[in-house]
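Notes follow the structure.
Please treat every number below as a calculation from the coordinates, not as lab data. This structure is a prediction, so every number in the text was calculated from the model and none was measured. FYI the Cβ positions are ideal-geometry reconstructions off the backbone, even for glycines, and counts take in every protein chain you see.
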Amino acid sequence: MEITTERLILRPLGPKYLATYNEYAMSLENARYMCFLPVEDEKESLEFLKAAEEEWSKPAPKYYEFAVIHNGVHIGGISVHMEYGKPVLGWIINRKYQGQGFAYESAKAVMDYFAANLGIRYFCAYCDTRNTASFKLMEKLGMKRVHESAGRKNRASSEEASEYKYEIEMP
Ligand SMILES: CC(C)(COP(=O)(O)OP(=O)(O)OC[C@H]1O[C@@H](n2cnc3c(N)ncnc32)[C@H](O)[C@@H]1OP(=O)(O)O)[C@@H](O)C(=O)NCCC(=O)NCCS
């Protein structure tokens, strides 16, 4: 699966992106509010990237991890996870490339592609309530806040946080 937008190409994430994946996945600043990041070391990154690539080769992947490519450079990741019962969107853009609309462009393209090609029109997303960039992005995508709950555990912190859940059912 490859999705092309005006400025970006979304391609299956895999081990060949190790160095550029580490740039954001190992960075505390980049992944402060994330449940599964930052990664501890390169070994963990590599295992994740291998698993992501393997998942792409399955007839019915449980999750889809895309590399976001801009001008030939891997600048972030966008994902759709199916294994939690409903499709969950996730995103991260390398800090160097944030604030230029790349997350919005990627997420919109993935949602449109999944709706048109896989008949998947419902999406949800979760974020730490302090993660303004993430929930503003959800709102820009037309998603609505449906729930707030305690007990979120971000990997970078031992304290529990609160999270929002957003949803959308596309026409
Ligand atoms: C969330 C994230 C992916 C957004 O990436 P981005 O490419 O900078 O986002 P975009 O430029 O596409 O912005 C889309 C909208 O989100 C909102 N937004 C983005 N960054 C914002 C910020 N720092 N503060 C407030 N709103 C912000 C704006 O509404 C923006 O639309 P606008 O520019 O028309 O106002 C990025 O901040 C990131 O990687 N964060 C760290 C990883 C993370 O926390 N991921 C989410 C885990 S739940």
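Some observations on this one:
- Beyond 21 Å in Cα-Cα separation lie the following of the pairs Lys86/Lys165; Lys58/Lys140; Lys86/Lys108: Lys58/Lys140.
- The order of Ser158, Ser106, going from fewest to most other C-beta atoms within 10 Å of their C-beta, is Ser158, Ser106.
- Rounded to the nearest angstrom and listed largest first, the equivalent-ellipsoid semi-axes of region 24-96 from its Cα gyration tensor are 20, 14, 13.
- Think of region 3-120 as having a plus end and a minus end, set by charges on the Cβ of Lys, Arg, Asp and Glu; of Leu8, Asn94, Tyr21, Leu8 sits farthest toward the positive end of this dipole.
- Whole-number D in µm²/s for the chain (Stokes-Einstein; Kirkwood sum over Cα pairs; 25 °C, 0.890 mPa s): 151 µm²/s
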